[in-house]
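K.L.:
Mind having a look at this structure? Questions to follow.
Every read-out reported here was derived from the displayed coordinates using simple, explicitly stated rules and does not represent laboratory data. Please read all numbers here as calculations on a predicted model, not as lab measurements. Positions of Cβ are backbone-derived with ideal geometry, glycine not excepted, and every protein chain shown enters the neighbour counts.
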Amino acid sequence: MYLKLIACNVLLREVCREVASSPHTFDLYFTEKGDHEFCDRLRSLIEGEIRVAEESGKPYDAILLGYGLCGNATAGLGSSRFPLVLPRAHDCCTLFLGSKQKFRELFASNPSRPFATPGYLERGSDRFQTSSTRKFLGLDKSYEEYVALYGEENARYIMETLSPKTSEEPTLVYIAMPGTDSLGWEERCRAEAEREGKRFIRVQGDPRLIHKLIYGEWDPEEFLLVPQGQKIAPLYDWDQVVTSKPQL
């Protein structure tokens, strides 16, 4: 297959490693990590690169997106010429962990727990990332907003559920990716966690989703295939995460 891949540069090492051994032919385009700070900007950049692919005259079999929902940055994206392929992921953390299940195990009880990866740490000045799962699930509102929506009693219950009393000390999750041990990021991340008085948790990452994306192994349980003329639509759940619907 001839594929166009648009991805965030925090995945550059993993993507390039997989592309080098993939049987498929690729054109690559990476956005900057900082573009995630503004979902409209990131969506515009990805959309612009999709248009470049459409106007290039190249016979791509599909356009692959190396993102998750990423603050709704990929919501609404589509192509009139090519199918799109998107991992069913809330953000890049799932791609580094290798599965939605592992992501849920680590972050369902504390979506605001910060994490870091070698690719994330080496890009830009912002050292750590916080999962945006609460936003995706519609759980990022203030107490006053919940009162307006559901009433005071229900608002109080929601806030208590989202912020349960816990004895867990502040933690930092470091996701160690294969082939990056020699870069020294784990040691620097551990030292920074100690300086900030946080418990350091090392988790072994797994590039299996990145591998499957690049090798064309698009299991519908883990990837959304968006047909030509349709667009990505968020579901705000734990399982499917995204779906597709016709463009108006």
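K.L.:
If you average over every viewing direction, what projected area does the convex hull of the Cα atoms of the range 1-127 give, in nm²? Can you show the working numbers first?
P.N.:
Values: hull surface 31.8 nm².
Here the figure is 8.0 nm², rounded to one decimal.
K.L.:
I've got another one for you. What are the ³J(HN,Hα) values, in whole Hz, obtained from phi via the Karplus relation 6.51 cos²θ - 1.76 cosθ + 1.60 with θ = phi - 60°, for each residue of the range 171-186 in sequence order, with x given for Gly and Pro?
P.N.:
After applying 6.51 cos²θ - 1.76 cosθ + 1.60, I find 10, 9, 9, 10, 9, 7, 9, x, x, 10, 4, 6, 6, x, 5, 4 Hz.
K.L.:
So how much slack lies between E153 and V203, counting 0.36 nm per residue of separation and subtracting their Cα-Cα distance, in nm?
P.N.:
Details: separation 50, 0.36 × 50 = 18.00 nm, distance 3.86 nm.
Extra length available between E153 and V203 comes to 14.1 nm.
K.L.:
Still on this model: Determine the percent antiparallel among the DSSP beta bridges restricted to the range 1-133, to the nearest 5.
P.N.:
Details: 2 of 16 bridges.
In the range 1-133, approximately 10 percent of DSSP beta bridges are antiparallel ones.
K.L.:
Grab the Cα-Cα distance for F38 and S109, subtract it from 0.36 nm times how many residues apart they are, and report the gain in nm with one decimal.
P.N.:
Values: separation 71, 0.36 × 71 = 25.56 nm, distance 2.58 nm.
Stretched fully, the F38-S109 segment lengthens by 23.0 nm.
K.L.:
So if R0 is 41 Å, what FRET efficiency would E122 and L225 give, r being the distance between their Cβ atoms, rounded to the nearest 0.05?
P.N.:
Values: r = 32 Å, r/R0 = 0.77.
That pair, E122 with L225, gives E of 0.85.
K.L.:
Here is a further query. Using θ = phi - 60° and the Karplus form 6.51 cos²θ - 1.76 cosθ + 1.60, what ³J(HN,Hα) does each residue of the range 58-64 get, whole Hz, x for Gly and Pro?
P.N.:
Rounded to whole hertz, the list is 7, x, 4, 7, 6, 10, 9.
K.L.:
Give the order of K4, K58 when sorted by the count of other beta carbons within 10 angstrom, beginning with the fewest.
P.N.:
Numbers: K4 24, K58 13.
With the sparsest Cβ surroundings first, the list reads K58, K4.
K.L.:
So, one more: Of K4/K33; K102/K245; K4/K102; K58/K100, which sit over 23 Å apart, Cα to Cα? The partial results should precede the final answer.
P.N.:
Details: K4/K33 19 Å; K102/K245 28 Å; K4/K102 28 Å; K58/K100 33 Å.
Beyond 23 Å between Cα atoms: K102/K245; K4/K102; K58/K100.
K.L.:
Can you list residues from other chains, or at least 5 along the same chain, whose modelled amide H is less than 5 Å from the amide H of C8?
P.N.:
Answer set, sorted by chain and number: T31, G66.
K.L.:
Follow-up question, since we're still on this one. Could you go through the range 35-41 in sequence order and give the Karplus-derived ³J(HN,Hα) for each residue, using 6.51 cos²θ - 1.76 cosθ + 1.60 with θ = phi - 60°, rounded to whole Hz, and x for Gly and Pro?
P.N.:
After applying 6.51 cos²θ - 1.76 cosθ + 1.60, I find 5, 5, 5, 10, 4, 5, 5 Hz.
K.L.:
Also, I was wondering about something else. Roughly how many whole Å is it from the C-alpha centroid of the range 55-102 to that of the range 169-212?
P.N.:
Here the two parts' Cα centres lie 25 Å apart.
K.L.:
May I ask you to derive the FRET efficiency for L248 and S21 from their Cβ-Cβ distance with R0 = 41 Å, giving the value to the nearest 0.05? Could the numbers behind the result be given before it?
P.N.:
Numbers: r = 41 Å, r/R0 = 0.99.
After rounding, the FRET efficiency stands at 0.50.
K.L.:
For the range 1-49, what class follows from the C-alpha gyration tensor (a ≥ b ≥ c being the square roots of its eigenvalues): rounded when a/c is under 1.5, otherwise prolate if a/b is larger than b/c, else oblate?
P.N.:
On the way: a/c = 4.49, a/b = 1.76, b/c = 2.55.
It is oblate, given that a/c is not under 1.5 and a/b is not larger than b/c.
K.L.:
Under 17 Å from the 7 Å Cα→Cβ point of Y215, by amide nitrogen: which residues of the range 1-44?
P.N.:
Counting backbone N atoms under 17 Å from the label point, the list is 1, 14-26.
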